[in-house]
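A short reminder: the numbers here are calculations on the coordinates, not readings from a lab. All figures in this text were calculated on a predicted structure; none of them were measured in a lab. Counting neighbours? That spans all protein chains shown, and the Cβs are built from the backbone with ideal geometry, glycine included.
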Amino acid sequence: MQPHRSPGTLPSAGPEARPLHSVVGKSGTILSLSDVQHLLAGKNQQGRLIALADGDPLGLIQGSRRWLVHACLLFDVQPFVERARVALSWDHARFNKLEGTDSVPLEYWLSGVYRRTADVLHARDQELDETGQTVGEPLSPRFQFLRAVLGIDHGDLRSACIVANALPDRERVAFHQLLVQGRTLDDFVRLGNVSRSEARRALQLAVKTIGRARAWADQGARASMEQA
């Protein structure tokens, strides 16, 4: 059994080193960093955000959705995409300092953007949870899922998301692929090269740990008070 990390830390082994798909523009050509330079050149921050959102020229919506599925992380797609646009917009200043951008496939850069976006949103979840801000209504998809499938109390939903995203790889992947993505146990066993008993144990441990989200949060709060 893997030791559990603090629920405040996202897994260090992410998919950023393995881009999933080339980013293809409307003309059917594979996009590179130089295409982003041309798209954002001469624009201020607001103008860059508008350019990235108008028609989604870089495919950030689909790319974010695919990345989250691959990473097995529980974030809502819309705020994730919005935050990724901000990160990519600020990265524009770095593009001009890079050499050989014409030959760098855009998906390699975006993988890093997605990873940093996940880190930022996870830290934001922690901040909101630590300050006692409850989840508002109507519930977003990830909170709806946790309440409907696991029966998590309303006041514990954000803590449960934090814990779910910080699970060790084996449990996090089992939870996400079997419950969130709805894969069958047979598919999970075949694709993950694990036994059925190992898959069941990983899922059971994940569900048990997520169910103890409030205990994790209370433990973290006590530790913070003791250090103050």
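How many nm separate the modelled label positions at Arg116 and Trp90, each set 7 Å beyond the Cα in the direction of the Cβ?
0.7 nm
Between Thr134 and Arg200, what is the label-point separation in nm under the 7 Å Cα-to-beta-carbon projection?
Going by the 7 Å Cα→Cβ label model, 3.8 nm.
Between Asp76 and Ile50, 0.36 nm times their residue separation minus their Cα-Cα distance comes to what? Please list the in-between numbers first.
Values: separation 26, 0.36 × 26 = 9.36 nm, distance 2.08 nm.
Length difference between fully extended and current span is 7.3 nm.
Using the Karplus equation 6.51 cos²θ - 1.76 cosθ + 1.60 (θ = phi - 60°), what ³J(HN,Hα) coupling, rounded to whole Hz, does each residue of region 199-211 give in order, writing x for Gly and Pro?
5, 5, 4, 4, 5, 4, 5, 4, 5, 5, 5, 4, x
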